[in-house]
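Structure first, commentary second.
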Amino acid sequence: MSANLYRFKYDEFGNTREIVVYASGDSARSCSYINKGTAFTHDEREKLSLQATLPPGVRDLQSQVENSGMKVAAKVDDIEKYIFIRSLFDRNATLAHALIQSDIRSYIKIIYTPTVGLAVQQYSSMFRQANGLHFYPGNIDRAEDILRRFEKRDIRIAVVTDNQGILGIGDQGAGGIAVCLGKLMLYTQGGGIAPWHCLPISLDVGTDNEKLLGDNQYLGWRHNRLEGEEYLSFIGRFVRAFRNVFPNALCQWED
C-alpha cells in the first residue's frame, strides 16, 4: 500500500462523496471499491500514478452505465448477464451498482431471484473469483483471526448461510454463497449500505447432495454434512468469533 494519501470526489450512485485513497498505481485500480476505470479524471490519474495505464479518453459514470448496459443487453441469456454484472462488481463496485440502479426492476431479477438460483447450481463450474469467506472444518478454529482481516472495512452486516435450504432448491453446498452475494447487493440498493461494509459468508459443513459429491469440479468441502453436536459446535465457534470481532454488526442467517 502506498504512503500517498489523496482525497477525491467520487460519484456513488448519483451522490458525491469524498473518498480517501491511500493507494496508487495498480493498487488503486485493483480495489473494486475505489476503482473508477475510465472515469478517473486526468487530475486523478496524475495524482494516483495512473498515467498511461488507461486510454486518454474519460467517460463519466453515466456514460459508463450506458456502455455497460449495452454489453448486458447483448448477452444471450440471464446467467451470462449475471456473470457480467458480478465480474463488473469485482472490478468496479460503484459502476455495477449504478448500472443496477439505472433499471432496478430488470436487474434485480438478474442479481437475485430467479437468476441467482442458476448461479448457485452452477457455482463451481462458472467460478471466476472468490468473494466473501468460506469456513469449513479445516479452518473454523481460526475463524476469529480470519475475520479480523476485515476489521478495517467496518463490517456492518454479514449474510451467512450453511447452504442447506437454498431458495427452495435444497442443499447446494458451497454454491449457497451466491445467495449471500445477491442479498447484500439488495441491501446496498435498498438500504444504502456501502458494499465494503458487507460480508458474505458460507459455513460449509459439507453436503448430502450426491450430485455435488460426485462432481469432480465441485469446490466445496467434499464430505457429508455434519450433524448433531458436530454441527452445533461448528456453528457455535463461528458465532463466538463473529461476535468477538464485529459485536455491533448484524449477522443475518440466510437459507
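Taken together, the values in this text are just the output of simple stated rules run on the coordinates, not laboratory data. Computed from a predicted structure; not experimentally measured. Ideal geometry is used to build each Cβ from the backbone, glycine not excepted, and the neighbour counts take in all protein chains shown.
Structural remarks
- Hydrodynamic estimate: the Kirkwood radius of the range 104-180 over Cα pairs, inserted into Stokes-Einstein at 37 °C and 0.692 mPa s, corresponds to D of 234 µm²/s.
- Judged by the ratio a/c of the largest to the smallest principal axis of the C-alpha gyration tensor, the range 110-255 counts as oblate, that ratio being 1.5 or greater while a/b is no larger than b/c.
- On Cα atoms only, tilt of 177-191 relative to the major axis of the chain in degrees: 50 degrees
- With the alpha-carbon atoms of the range 61-110 aligned to their principal axes, the span from lowest to highest coordinate is 25, 21, 17 Å, starting with the largest.
- Over the residues of the chain, the helix contribution to mean residue ellipticity at 222 nm works out to -12000 deg cm²/dmol, using -39500 (n - 2.57) for each DSSP H run of at least 4.
- Our coupling estimate for the range 49-62, obtained by passing each phi through the Karplus curve with A = 6.51, B = -1.76, C = 1.60 and θ = phi - 60°, is 6, 9, 4, 6, 8, 10, x, x, x, 10, 10, 6, 4, 4 Hz, Gly and Pro reported as x.
- Translational diffusion of the chain, estimated by Stokes-Einstein from the Kirkwood radius over alpha carbon pairs at 10 °C in a medium of 1.306 mPa s, is 81 µm² per second.
- Cross-link partners of Lys211 among aspartates and glutamates (Cα-Cα below 19 Å; sequence separation of 8 or more within a chain): Asp162, Asp171
- Three semi-axes of the equivalent ellipsoid, the range 117-162, Cα gyration tensor, whole Å, largest first: 23, 14, 10
- Amide H within-cut-off set for Ile157, under 5 Å, with H built and near neighbours excluded: Leu199, Leu250
- Net charge in the neighbourhood of Val116 (other residues with Cβ under 15 Å of its Cβ; Lys, Arg +1, Asp, Glu -1) is -1.
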